[in-house]
Amino acid sequence: MAWSPSTTVAAALDLGGDRSRKSGYVAEPAERQPGILALLADPTPMQALLTHLRSLGITVDVASGLAEARRLFFGAGGHDCLVVGPDVRPAIASRVLASLRTVDPELATATFGPEVSRDRAPTRTAVLAGFHPSSRAGQGALLRFLRTLRLR
């Protein structure tokens, strides 16, 4: 059924009827960004990194201990990566990681601080302790690691 525009403005807006159905074009959904859970003792060293990640559309939740990390993790339905800050005590980092990996054994981890166990997921763990998290090099190293992850 042909449609004739009633005004010249409408003619300029006319997309040609059902052209999208004929071509089979379907809009692609926006690419999903990773969800990050940041474990921090002092948020100051990580502020620039967290701000940069958020500006890229990456969801970032911030926790300072085990209970808060579990609450945020379950509240979000999981995260793609746990990022450990440079001043987090090793015992806290290990407890949080062990707890979250009981729920999600494939949880990726990037640490700017203490060494974390790489036994269960060695390819999904990045040790970034040589970088300051707010430096361009540290931000770039984390972003390169995030790009390698298969989002679930």
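The values are calculated or read from the model by the stated rules, or taken from the named source; none is laboratory data. Everything numeric in this text was worked out from a predicted model, so none of it was measured. When we count neighbours, we look across all protein chains shown, and the Cβ atoms used for this are built from the backbone with ideal geometry, even at glycine. Quick note on the areas: whole protein, heavy atoms, side chains included, nothing else; ligands and nucleic acids left out. Shrake-Rupley method; radii C 1.70, N 1.55, O 1.52, S 1.80 Å.
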Using a basic spin-label model with each label point 7 Å from the Cα along Cα→Cβ, how many nm lie between E68 and Q33? 2.2 nm
If you count only protein heavy atoms and use a 1.4 Å probe, how large is the accessible surface of R144, to the nearest 10 Å²? 130 Å²
Would you please give the residues with an amide H less than 5 Å from that of V83, counting only those at least 5 places away or on a separate chain, with H modeled from the backbone geometry? L37, A38, L39, A110
Pair D42, R54: separation of 7 Å Cα→Cβ label points (nm): 2.1 nm
Whole-Hz Karplus ³J(HN,Hα) for region 38-49, in order, using 6.51 cos²θ - 1.76 cosθ + 1.60 and θ = phi - 60°, x for Gly and Pro? 9, 9, 10, 8, 10, x, 4, x, 9, 4, 5, 5
